Amino acid sequence: MSTNLHPKFQINGHYTNREDLIEIAYSLIKEGNDEEQKVGNFLLDWLSEDDTITVTTSGSTGTPKQIVLQKIQMVNSAKATIDFFNLEEGDSALLCLSAQYIAGKMMLVRAMVGGLSLDIVPPSSDPLRFLDKSYDFCAMVPMQVKASLDKLSQLKTLIIGGAPINTELLKKLEKSGHQNCFETYGMTETITHIALKRLSKENSDQPMPFAVLPGITIGIDNRNCLIINAPLILENSMITNDIVEMVSEKEFNWLGRYDNIINSGGIKLFPEIIEKKLGQLIPLKFFISSIPDEVLGEKVVLILEGDKTDAYDEAIEKAGLSNYEKPKELFFLPKFKMSQNGKILRTKTLSAIFKI
C-alpha cells in the first residue's frame, strides 16, 4: 500500500524521502529517548509493506486495548483534516503529543500526507515554553493548552482533544481572543476526530454544537447514543456509548457517557453536566460519581484530588444544582489515576477509594 509520503514533507527542518525517513527512524530508535523511540517505531511501521497499523487505546473509558487500523483509512482521515483547515504543502505543524497514541500518530500522518513541515518536541505539560517559532497547525490536550495560554498567538490553528475542556479553561480561551481553537470529538477507533467545534466563539449559555467533517453522517440509537457512519475511515457504522442531543443532521451536543449515567430516585443524571456546573467553582481536579443508596438507588458523590476539607460545601450551593444533582458525600484522594493525555481514569480512581 502506498503511504502517500509527500515530496515536500519535512521533519525538524529536513526534507525527507522514504529512504531518508527510514534512516531517521532507525536513528531515533537507536539513539533517542523513550518518546523519540515511539516516533521512530511508528515511522517504521508506517513505511512497512503492511496495510495495517496496530494502535493502543488510551484506556480512559476502560482497559487499554489494541486495535488494528487500515493505513488507507488513516490517510483518508488525515486528508479530511487537511481539507477542513485548508492546510497546504509547506505549512508548519508542531507535534507535542506522544506518538504512542492515535493523536500523536495522526499528526505525523497528516504531515507526511500533506507535505507539512513538522517540528517534533517532547510531550510535556508546557510544550511552547521554550519555543518562539509560530506554527500553522498544532494539536494539544487541555492540560497543555492551560499552560500555553499566553503563547497561543504562536499557533494559527489549534485543535484540542483527549479530555473534556472544563468551564474555567473555556473562559480563558475566550479571553485569549484566539479565533481558531477547535475542540475535537473522536476516539482511537475513529482515527481521532470525526467532528469539531470552534471554541473562540463559544457561549456558555448556548454552547456551539460539534459539526461532523465532510463525508460523515450521524444518528442516534434507542439510548440516544451517537452512531457514526464514515465509510472512508470505518468499515461499518459505529455505535458509541456517548449520549448526544442531535441539533441537525450534521450537528450534535455531547451530554456524557452512557456508562456514567446515574439513576438517582428515578432521575437520570449526567455526571459530565454536573461537572460543568461545578467547573468554575472548584480549583482541584474532581469528578462526579455515585454510590448505592437504600432510598435513591444511587446517590451522587463528589470525588476530589487533595486534602480533606469542608471548603467545597459553599461551591456546591453556588453551582445551581438541583437537589438530585447535589453531591450527598465528598471523598478525597491524594492523587487521581490519570491517562497520559490528561484524562482522569475514573474506574481506577474509584477503585483506589472504595477498593472495588
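The values are calculated or read from the model by the stated rules, or taken from the named source; none is laboratory data. Keep in mind the model is a prediction, meaning the values are calculated, not measured. Cβ coordinates were reconstructed from backbone atoms using ideal geometry, including for glycine residues, and neighbour counts include every protein chain displayed. For the accessible areas, the whole protein counts, side chains as well, though only heavy atoms, and no ligand, DNA or RNA atoms are used. Shrake-Rupley method; radii C 1.70, N 1.55, O 1.52, S 1.80 Å.
Points worth noting:
- Here's the picture: a label point sits 7 Å out from the Cα of Asp83 along the beta-carbon direction, and within the range 184-200 the residues with their amide nitrogen under 15 Å of it are 194-195.
- Whole-number D in µm² s⁻¹ for the range 291-339, Kirkwood Cα-pair radius fed into Stokes-Einstein, 20 °C, 1.002 mPa s: 176
- Rounded, prolate or oblate (a/c below 1.5 giving rounded, otherwise prolate when a/b exceeds b/c) for the chain by Cα gyration tensor: prolate
- Nearest-ten-degree value, helix 102-114 long axis tilted from longest Cα axis of the chain: 30
- Dipole magnitude for the range 81-143: about 280 debye, using +1 per Lys or Arg Cβ and -1 per Asp or Glu Cβ, origin at the Cα centre.
- The range 35-86: GluC sites (Glu not before Pro) falling in loop per DSSP and having at most 16 other Cβ within 10 Å: Glu49
- 3J(HN,Hα) along the range 12-19: 6, x, 10, 5, 9, 9, 4, 5 Hz, from the Karplus curve 6.51 cos²θ - 1.76 cosθ + 1.60 with θ = phi - 60°, whole Hz, x for Gly and Pro.
- Spatial separation of Cα centroids for the range 207-266 and the range 287-356, in angstrom: 26
- When both bridge partners sit in the chain, DSSP labels roughly 65% of those beta bridges antiparallel.
- Of the residues Asn33, Asn41, Asn180, the one that moves most in a GNM of the chain with alpha-carbon contacts below 10 Å is Asn33.
- Sites Asn323 and Asp259, calculated FRET efficiency, Cβ-Cβ separation with R0 35 Å, nearest 0.05: 0.90
- Descending by average beta-carbon neighbour count within 10 Å, the peptides 133-140, 150-157, 313-320 line up as 133-140, 150-157, 313-320, the highest first.
- Among the protein heavy atoms of the range 164-292, carbon and sulfur supply 50% of the accessible surface, probe 1.4 Å, non-protein parts ignored.
- For the chain, a crude dipole built from +1 on the beta carbon of Lys and Arg and -1 on the beta carbon of Asp and Glu, taken about the Cα centre, is about 520 debye to the nearest 20.
- Loop trypsin sites (Lys or Arg not before Pro), the range 194-293 (other Cβ atoms within 10 Å of the site Cβ: 15 or fewer; DSSP): Lys201, Arg223
- Degrees between helix 71-84 axis and first principal axis of the chain (Cα, 0 to 90, nearest 10): 80
- For the range 161-257, the Kirkwood estimate of hydrodynamic radius, built from reciprocal distances between every pair of different alpha carbons, is 14.0 Å.
- Full-stretch length increase - Lys172, Lys348 - with 0.36 nm per residue and alpha-carbon distance subtracted: 60.4 nm
- Prolate/oblate/rounded label for the range 224-298 (Cα gyration tensor, a/c 1.5): prolate
- Acute angle (nearest 10 degrees) that the helix 167-176 long axis makes with the longest principal axis of the chain, alpha-carbon atoms: 50
- From its DSSP helices (H runs of at least four residues, each -39,500 (n - 2.57)), the chain gives a residue-normalised ellipticity at 222 nm of -8000 deg cm²/dmol.
- Every Cα-Cα pair in the range 18-70 was counted, and those over 14 Å apart are 59% of them.
- Averaged per residue, the range 125-235 has 44 square angstrom of accessible surface, using a 1.4 angstrom probe with ligands and nucleic acids left out.
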